[in-house]
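Step one of this worksheet: look at the structure below.
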Amino acid sequence: MENITKMWMGPLPADSPYVKPFRLYYVQNGVEKNWDLLKVHDSVAVILFNTTRRVLIFVRQFRPAVFHSVVTSSGSDFGEVDLQKFPPKIGVTLELCAGIVDKNKSWSEIAREEVLEECGYDVAVERIEEVMTYRSGVGSSGALQVLYYCEVTDDDRATKGGGVDDEMIDVVEYTIEESRELMKQGSKINSPPSCLLGISWFLMNKAPKLVCPSKY
Ligand SMILES: O=c1ccn([C@@H]2O[C@H](COP(=O)(O)OP(=O)(O)O[C@H]3O[C@H](CO)[C@@H](O)[C@H](O)[C@H]3O)[C@@H](O)[C@H]2O)c(=O)[nH]1
């Protein structure tokens, strides 16, 4: 899926549409301080549960930042990265369906579009319920993320998903038990906290009613 054949680094162009680095200065308790920041887009993420087959829907994709982190954490010089020694699959993540808020549309509409583009399910925006809003980062960006929950059926499947343009995204399904396994103590997984939060929220708030509906 990742099919990476070459990789190199370059300076960040000042007009990057995704990341704007800067230094913020402030005075706290009479002391001047500063903090190096990244302005990045806010985002949405969607916990998707297919009720026909009782599986959670995730996406897998190659994440350059994760690949870079794995290589440099091993002490290797990224400038000379050897793709034989570091196969690109080490940069593949498991995530919730998600997307950046870079359009002048409601956040739930952006979530609806991501569900269709990435996962192939065509659902009305009213079926996407808001779960919570939090900061996706607090050290370098402080960006907001809104988490949603949506139940889909096989009948809602309009396409195979996989993303738009040249995005390469795999749609994968986990049963409730397989999802619970991901959360076990000691788990080491290439997933952002939003994905793990989404699974926890689902297991806590939705799974009990699905596993034993008569109790509720
Ligand atoms: O430097 C960049 C950054 C992004 N893109 C493209 O921009 C789009 C952005 O993708 P989108 O699906 O909108 O967002 P994600 O990159 O999937 O990231 C979201 O999903 C993650 C969770 O899985 C969250 O951690 C992030 O905060 C959230 O923005 C994609 O086409 C990327 O290929 C680039 O081409 N170059």
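The table below gives the values:
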item	result
Residue within the range 162-169 that is touching a residue at least 24 places away in the same chain (Cβ under 8 Å), over 15 Å from Val46 (Cβ atoms), in contact with a Leu (Cβ under 9 Å, 6 or more places away or on another chain) and in a loop (DSSP other than H, G, I, E, B) present	no
Pair list, Cβ under 7 Å, 6 or more apart: the range 198-216 residue outside any helix (DSSP H, G or I), other residue among the hydrophobic types (A, V, I, L, M, F, W, C) and modelled with pLDDT of 95 or more	Lys206/Phe49
Residue satisfying condition, being part of a strand (DSSP E or B), among the charged types (D, E, K, R) and touching a residue at least 12 places away in the same chain (Cβ under 8 Å), within set Lys89, Lys39	Lys39
Of the criteria (1) touching a Cys at 6+ places or on another chain (Cβ under 9 Å); (2) within 11 Å of the ligand (Cβ to nearest atom), which one Ile57 fails	(2)
Test: residue in the range 7-24 that is more than 30 Å from Thr175 (Cα to Cα), of a type in the set (Ser, Thr, Tyr) and either assigned to a loop (DSSP other than H, G, I, E, B) or within 15 Å of the ligand (Cβ to nearest atom) (or both)	yes
Candidate set from the range 86-106 (those that are more than 12 Å from the ligand (Cβ to nearest atom) and over 15 Å from the mean Cα position of the chain (by Cα)); member that is nearest to Pro193 (Cα to Cα)	Ile90
Breaking point among (1) within 12 Å of the ligand (Cβ to nearest atom); (2) more than 21 Å from the chain's Cα centre (by Cα), for Ser76	(1)
Test set (1) away from the ligand (no atom under 15 Å from the Cβ); (2) loosely packed, with under 14 Cβ neighbours inside 10 Å; (3) of a type in the set (Lys, Arg) - Arg127 fails condition number	(2)
Among residues of the range 182-200, those that are under 23 Å from Val138 (Cβ atoms), over 11 Å from the mean Cα position of the chain (by Cα) and surrounded by fewer than 18 Cβ atoms within 10 Å (Cβ to Cβ), counted	5
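The values are calculated or read from the model by the stated rules, or taken from the named source; none is laboratory data. Everything numeric here is computed off the predicted structure, so don't read it as measured data. For neighbour counting, all protein chains shown are included, and Cβ atoms are generated from backbone atoms with ideal geometry for every residue, glycine included.
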